[in-house]
Amino acid sequence: MRTSVLTLAMLALPLTAAADDKQDFSKVQIKATKVAGQIYVIEDVVPEFSGGNVGVSAGPDGILLIDDKFAAIAPKLEAALKTVSDKPVKFVINTHYHGDHSDGNSVLGPKSTIIASDNTRKRMMTPQGKEPPPPAAALPVLTFEHKLSVHFNGEEIRATHYPSGHTDTDVIVVFPKSNVVHMGDDFFNGMYPFIDLDGGGSVKGLIANLVQVIPQIPAGAKIIPGHGPIATIKELRDYLAMLQGTTAIVEAGIKARKTADQLKKEKALARYDAWGKGFLKPDDFIDQLYKELSKH
Ligand SMILES: [Zn+2]
């Protein structure tokens, strides 16, 4: 997986066409792979950053997508969808406002109905520096504060908004009949997560969300993370334990009046080194936790 600073910055990008100008997506190759029931995931054929994991419900009513990557990848996304269904995309649920999950709205918005949390729409409409707000057709049309169900392809697809985790716009989607859960970026499988503190995110909130969600996930469910490979409840539990463990270590360091640099020098998170090989290196993750936890 690419781990450049540019890629990391892109995780936090709002929904803007600018995201497309900054990276060459020509090498990206994606394909649809079955997860369970009538749910597919769009996977990278070569390890090239193409945005968040897209969940696909494909059945008699058509296609419902969870997230839609970058607009520049939309033709490849639509080609991958053709391999599982020749029916149109009727709905897109955005798990949150970041461009690597929602920039494709500018292509799919005019052809389908986009659904997201109220906060996702608000954050998309908030000017980000010099970037203009996205075109109206790229904005969610149906928004909700707590819960929304889409009765589609013979199952009640349930979207729930969680107040503050990766961002304050996060939605987790459950497909009860197919027994699949799309966690959005509340789950980076096997790696330290980026937490968007400026976008209302918080590691404390993320932990609270996971503590609430995990007991509700049925046995044997397949879990689609926002980034990383398809998981089961075991990997999600490991992820929660890592967040709790690293947070406790950094909090103890702050209590002992240590600086972030001291914690890095001590390799305070050494026990969790395996998680520091993705977007965030161990020192980046210490900085991120320290920034939030030193405020309390
Ligand atoms: Zn994100």
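Evaluating 6.51 cos²θ - 1.76 cosθ + 1.60 at θ = phi - 60° for every residue in segment 170-181, the Karplus couplings come out as 5, 10, 10, 10, 10, 10, x, 6, 6, 6, 10, 10 Hz, glycine and proline recorded as x. Overall form of segment 98-244: oblate. Here a/c, set by the Cα gyration tensor axes a ≥ b ≥ c, is 1.5 or more, and a/b is not larger than b/c. Helices in the chain, meaning DSSP H runs of at least 4 residues, each add -39500 (n - 2.57). Divided by all residues, the mean residue ellipticity at 222 nm is -8500 deg cm²/dmol. Residue by residue, segment 45-56 carries 3J(HN,Hα) couplings of 6, 10, x, 10, 5, 10, x, x, 5, 9, x, 10 Hz when phi is fed to the Karplus relation 6.51 cos²θ - 1.76 cosθ + 1.60 (θ = phi - 60°); x denotes Gly or Pro.
Each residue of segment 132-146 was assigned a 3J(HN,Hα) from its phi angle through the Karplus curve 6.51 cos²θ - 1.76 cosθ + 1.60 (θ = phi - 60°); the sequence is x, x, x, x, 3, 5, 8, 8, x, 9, 9, 10, 8, 8, 10 Hz, with glycine and proline shown as x. Its relative contact order, with pairs defined as Cα atoms under 8 Å and 6+ residues apart, puts the chain at 15 percent. Would you mind checking K69/K222; K147/K295; K234/K258; K31/K204; K122/K147; K27/K222 for any pair whose Cα atoms are more than 27 angstrom apart? Pairs exceeding 27 Å: K147/K295; K234/K258; K31/K204; K27/K222.
Any chance you could run the full-extension gain for A208 through K277? It's 0.36 nm times the residue separation minus the Cα-Cα distance, nm to one decimal.
That pair, A208 and K277, stretches by 22.4 nm at full extension.
Ranked by the mean number of other Cβ atoms within 10 Å of their residues, highest first, the peptides 275-282, 166-173 come out as 166-173, 275-282.
Legend: P(r) of the chain from all alpha carbon pair distances, 10 Å bins from 0, whole percents, reading 6, 30, 37, 21, 5, 1, 0.
Ignoring any ligand, DNA or RNA, what whole percent of the accessible area of the chain comes from carbon and sulfur when the probe is 1.4 angstrom?
Summing carbon and sulfur atoms, their accessible area is 56 percent of the total for the chain.
Taken about its Cα centre, the chain carries a charge dipole of roughly 440 debye when the Cβ of each Lys and Arg holds +1 and the Cβ of each Asp and Glu holds -1.
For segment 56-166, the square roots of the Cα gyration tensor eigenvalues, ordered a ≥ b ≥ c, give a/c of at least 1.5 with a/b no greater than b/c, which places it in the oblate category. Of all DSSP beta bridges confined to the chain, the antiparallel ones make up roughly 70%.
The values are calculated or read from the model by the stated rules, or taken from the named source; none is laboratory data. Everything numeric in this text was worked out from a predicted model, so none of it was measured. We place every Cβ from the backbone using ideal geometry, glycine too, and count neighbours over all the protein chains shown. Ligands, DNA and RNA are excluded from the accessible area calculation, which covers all protein heavy atoms including side chains. Shrake-Rupley method; radii C 1.70, N 1.55, O 1.52, S 1.80 Å.
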